[in-house]
Amino acid sequence: MTKHEEAATRQRRNFLKAAGGAAMGLVATKEALGQSAHHQRATPTLNLREAPADRGLWITWYDLPDAGRDAYFSWLHGTYLPGLLKRPGYLWAAHYASMDLEGGAENAKRYHHVEDPRVGAGFHYMLLIAATDANVFGDPVPSVLHAALPDEGRKMLAMRMGERVNLFTEAGRREGRAAVTYKEGLTGAPCIQVGSFDCALEFEEEMHAGYVLQRLPKMCDTPSCVRTRKLNSVAGWAKHGIVYEFASKEGFDRDYAPAVANSPLGFAGHSVVPMLTHAPNGPNSALRIWPPVPKA
């Protein structure tokens, strides 16, 4: 058993011992059953009447060398992505440049990161490609699709360093207050924050409740949040993913951190965040560089 696993087990045991009957009482309450007045007020914003059109998300994290970067961007934005979007089932694409790691220089201390040389550590760029569902990315899978590209395309892809890929299916989404004024439809918002991680098995149910009852409602109630997407993996290292979308960097800077601080990811004020194993250099925020963000 690793030190992280031992810590997870010990914290879980101590938490349950302290919470004891209170935890059982919480499960029995209307709030835990999703019947509280708060939950009833939140339900209409979940857009449950129809399924989202873009339930599949292919996310690629990577770095680039300085040399040849402009040529790569020209190919990616002018040839590769427009070509993908002509394929059946592909709906939109958005390319992002990362601003920072969450927590900045303290990121490595605040979060536990996976230590596996097979998991790419690139993070300066993120490419989000959406489809009707994750099955679209199975016919063909990305590696087969890329192998069929012309020589120029394969040369450009070879520039990516520390590449990491996840094919996600959307477990659930919630529309934010800024959605009503967002004019770009489903396309990823101008500013996003993305996390990808694994969770110790014994904490997954609590984490799920924390997102549904706390984190997503608090985030979506901020003025600048367009939407949130909770994801689960079809292929790739991380089992879980989360994407928070904001109408602007200014809104993100103002609203994100307070919403996180006011929504512990767990039951009754407890947070399972210390029990998560994040991707290398994650989580991180980013600004959209393609399609260009319309001027206000």
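The values are calculated or read from the model by the stated rules, or taken from the named source; none is laboratory data. Just so it is clear, the structure is predicted and the values come from calculations on it, not from any experiment. Here Cβ is always computed from backbone atoms with ideal geometry, including for glycine, and neighbour counts include all displayed protein chains. In case anyone asks, the SASA skips ligands and DNA or RNA and just uses the protein heavy atoms, side chains included. Shrake-Rupley method; radii C 1.70, N 1.55, O 1.52, S 1.80 Å.
Summary table below
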| item | result |
| --- | --- |
| Odd one out for Val119, checked against (1) open to solvent by 40 Å² or more (accessible area, probe 1.4 Å); (2) under 21 Å from the mean Cα position of the chain (by Cα); (3) touching a residue at least 60 places away in the same chain (Cβ under 8 Å) | (1) |
| Filtered residues of the range 52-105 (kept if surrounded by fewer than 17 Cβ atoms within 10 Å (Cβ to Cβ), of a type in the set (Ser, Thr, Tyr) and in contact (Cβ under 8 Å) with a residue 24 or more places away in the chain) | Thr79 |
| Residue in the range 239-249 that is touching a residue at least 60 places away in the same chain (Cβ under 8 Å) and surrounded by fewer than 20 Cβ atoms within 10 Å (Cβ to Cβ) present | yes |
| Residue check for His278: buried (at least 16 other Cβ atoms within 10 Å of the Cβ), over 16 Å from Glu184 (Cβ atoms) and in contact with a Pro (Cβ under 9 Å, 6 or more places away or on another chain) | no |
| Sole exception among (1) on the phi > 0 side of the Ramachandran plot; (2) in contact with a Cys (Cβ under 8 Å, 6 or more places away or on another chain); (3) polar (S, T, N, Q) for Thr277, by number | (1) |
| Hits in the range 66-117 - residues which are at pLDDT 95 or above and at positive phi | Gly68, Gly89 |
| Pair list, Cβ under 6 Å, 6 or more apart: the range 216-237 residue over 18 Å from Ser248 (Cα atoms) and of a type outside the set (Lys, Arg), other residue in a loop (DSSP other than H, G, I, E, B) and open to solvent by 40 Å² or more (accessible area, probe 1.4 Å) | Ser233/Lys239 |
| Flag for Asp198 being out of contact with any His (no Cβ under 9 Å at 6 or more places or on another chain), at pLDDT 95 or above and open to solvent by 20 Å² or more (accessible area, probe 1.4 Å) | no |
| Spans of strands (runs of 3 or more DSSP E) in the range 202-287 with at least 3 residues within 25 Å of Trp61 (Cβ to Cβ), in contact with a His (Cβ under 9 Å, 6 or more places away or on another chain) and modelled with pLDDT of 95 or more | 225-235, 276-278 |
| Cross-chain or 6+ apart pairs with Cβ under 8 Å, the range 162-174 first and touching a residue at least 12 places away in the same chain (Cβ under 8 Å) and at positive phi, then of a type in the set (Phe, Trp, Tyr) and open to solvent by 30 Å² or more (accessible area, probe 1.4 Å) | Gly162/Phe123 |
| Residue match in the range 160-171 (condition: crowded, with 18+ Cβ neighbours inside 10 Å, out of contact with any Cys (no Cβ under 8 Å at 6 or more places or on another chain) and outside any strand (DSSP E or B)) | yes |
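Conditions tested, residue by residue: (1) of a type in the set (A, V, I, L, M, F, W, C); (2) closer than 24 Å to Pro82 by Cβ.
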| site | (1), (2) |
| --- | --- |
| Asn107 | no, no |
| Ala121 | yes, no |
| Asn135 | no, yes |
| Leu145 | yes, yes |
| Glu152 | no, yes |
| Arg160 | no, yes |
| Phe168 | yes, yes |
| Gly188 | no, yes |
| Gly195 | no, no |
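Yes or no, residue by residue, for (1) under 20 Å from His112 (Cα atoms); (2) surrounded by fewer than 17 Cβ atoms within 10 Å (Cβ to Cβ):
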residue	(1), (2)
Leu149	no, yes
Val194	yes, no
Glu206	yes, no
Leu216	no, no
Met219	no, no
